[in-house]
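Taking it in order: structure first as structure tokens, then the write-up.
The values are calculated or read from the model by the stated rules, or taken from the named source; none is laboratory data. Quantities reported herein were computed from a predicted structural model and do not represent experimental measurements. Methodologically, a virtual Cβ is constructed for each residue, glycine included, from the backbone with ideal geometry; neighbour enumeration extends over all protein chains shown.
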Amino acid sequence: MAQVELLAEVTKFIERPPKMTIGGTAVEAKSSRTFDVIDPSTGDKLTEVPRGAAEDIDAAVAAARESFDDRRWSGLRPGKRTDILYKIGELIKRNTPELAQLEAIDSGKPVNLASGEIWAAGEAFRYFSGWPTKTFGETNPSDDNMFIYSLREPLGVCGGIIPWNFPLIMAAWKIAPALAFGNSVVLKPAEQTPLTALRLAELCLEAGVPEGAVNVVTGLGEEAGAALAAHDDVDKITFTGSTGVGRKILEASAGNLKRTTLELGGKSPNIVFADANLRRASKGSMMGVFLNSGQVCTAGTRILVEKSIHDEFVESLVGATRSMKLGPALDDDSGMGPVVSAEQLERVTSYIDIGRSEGARVVTGGERATDLGDGYFVQPTIFAGVRNDMRIAQEEIFGPVAAVIEVADVDEAIAVANDTMYGLASAVWTSDVSKAHKVARGIKAGTVWVNTAGLYDPSVSFGGYKQSGFGRELGKHSMEGYTQTKSVWVNLR
Ligand code: ADP
């Protein structure tokens, strides 16, 4: 085992202990309450952070409102906003070792994977830094006696509520576009993984974001999250998380009819046809379902395999899975870490029991890994003989559990792929280009990967069909989510 030493900056940060950023100032919760942050690789307490609640959300929203109304951010020259956003990206990059370790100890993800994610978070800021200078309205030719034009304006105060699976990437996906299009932000990170978002708020200030334009409030979902979603002075909520909480956010948003973008759960199909390159398909499908211990909303958890190659493929998938090392986040040999919390451990292992009782067959894994101490480790688990109507094929488990389902041909593959309430992502493995495009058209999901899986890029729009949510993040489509247009009529007569 190659145990990584904690950096002095990391120890210092968790020992401070970290505070929230509201109106450019580091603050505790008004109640002075805190909650514990746990290391999932050991089950031990790392530190504690402020337990922000409705009154802290009020303060953060007021600070964001003030910064928006006096135009200290949106009124800056666009090129200046570009410089600042780019600088945040650079600061993230420069602080990668520290941020990667914080992410690893907070979320349980192996430090090497965390490093890649820190890079991706920086990349989101660098991508969105290009937008302030490229966001403009239009003129309208409808009446010769009128000069009609549209202004593309920011929404105002945007609330971001994010999950624990990719903490810093999620924070970046919410903050970077909101700022790029001139908004102010209040971010509520997940209670399981608050650390990198708190550090990011400091980096935003260091890069020159004006006070109040970025606020981070840590707290519990039902307290701080619910208060943000229901707040009358918040113009938009952008949420990533479970479908159940998404529904609550939508209800809470109804009060002042705030705009919402919801990126919710998934049960994504990963279809392997007999003409696929089997070695690439098994490795890619394995990564597609087990990356980040399966705690990925786009995880290809339903592996649909064409009958003629079923047994051979399953064998190859099991081989690929067994070659991945389960271990603690700070061991740089680990390919997969623990799940994020004791609650998640309980949820995942109970789904494994459900799969067995439904009659599916465990072909690898199937247990909690107890040889790694008290951390929340679950063996990567593959069920074969799964029917698509079983609970393990319909419900989002959010852990390292794959369900292999046999399909006869292209038509059945598309039908089974779409037989779900979700529609977030999908993958298709085939060497037949026509088949790939046919399936890509047939699948009702916001992303289709062909001969690959689990890729993202800040320039590529991302979001769900059906109950996986609505609205699109990233790319040029994010402009719709963070701006509104105003039509101006000028009489020329
Ligand atoms: P999970 O169940 O996997 O923890 P959630 O969807 O519950 O995922 O959490 C995503 C985010 O939503 C977290 O930041 C959490 O604190 C927040 N959250 C949970 N419940 C609520 C709620 N009722 N209102 C607003 N935010 C919530």
For Ser293, indicate whether it is outside the structural domain of Asp232 (by TED's automatic domain parsing), farther than 30 Å from Gly156 by Cβ and within 16 Å of the ligand (Cβ to nearest atom).
yes
Going through (1) surrounded by fewer than 24 Cβ atoms within 10 Å (Cβ to Cβ); (2) over 18 Å from the mean Cα position of the chain (by Cα); (3) under 26 Å from Leu424 (Cβ atoms); (4) of a type in the set (Gly, Ala, Ser) one by one, Gly244 fails only at (2)
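Among the residues of the stretch 110-138, which ones are free of Cβ contacts under 8 Å to residues at least 40 places away in the same chain and closer than 27 Å to Leu330 by Cα?
Our first condition is that a residue be free of Cβ contacts under 8 Å to residues at least 40 places away in the same chain; within the stretch 110-138, this holds for 115-116, 119, 134, 136, 138.
Of everything in the stretch 110-138, those that are free of Cβ contacts under 8 Å to residues at least 40 places away in the same chain and closer than 27 Å to Leu330 by Cα turn out to be Ser115, Gly116, Trp119.
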Arg51 passes all but one of (1) within 23 Å of Ala178 (Cβ to Cβ); (2) crowded, with 19+ Cβ neighbours inside 10 Å; which number fails?
(1)
Would you point out the residue of the stretch 246-257, among those that are without any contact (Cβ under 8 Å) to a residue 40 or more places away in the chain and either within 19 Å of Gly156 (Cα to Cα) or in contact with a helix residue (DSSP H, G or I) (Cβ under 8 Å, 6 or more places away or on another chain) (or both), that is farthest from the ligand (Cβ to nearest atom)?
Leu257
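Results for (1) closer than 23 Å to Leu264 by Cα; (2) of a type in the set (Val, Ile, Thr); (3) assigned to a loop (DSSP other than H, G, I, E, B), shown as yes or no for each residue.
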| residue | (1), (2), (3) |
| --- | --- |
| Arg356 | no, no, no |
| Gly366 | no, no, yes |
| Asn388 | yes, no, yes |
| Glu406 | no, no, no |
| Ala427 | yes, no, no |
| Ser431 | no, no, yes |
Out of Glu211, Glu223, which single residue is within 17 Å of Ala53 (Cβ to Cβ) and surrounded by fewer than 24 Cβ atoms within 10 Å (Cβ to Cβ)?
Glu223
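Given the stretch 153-233, what helices (runs of 4 or more DSSP H) lie entirely inside it while holding 2 or more residues that are within 14 Å of the ligand (Cβ to nearest atom) and under 17 Å from the mean Cα position of the chain (by Cα)? Working first, answer last.
Details: elements: 167-180, 195-207, 226-230.
In the stretch 153-233, the matching helices (runs of 4 or more DSSP H) lie at 167-180, 195-207.
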Scan the stretch 451-472 and give yes if some residue there is assigned by TED's automatic domain parsing to the domain that holds Gly244 and under 30 Å from Met146 (Cβ atoms), otherwise no.
no
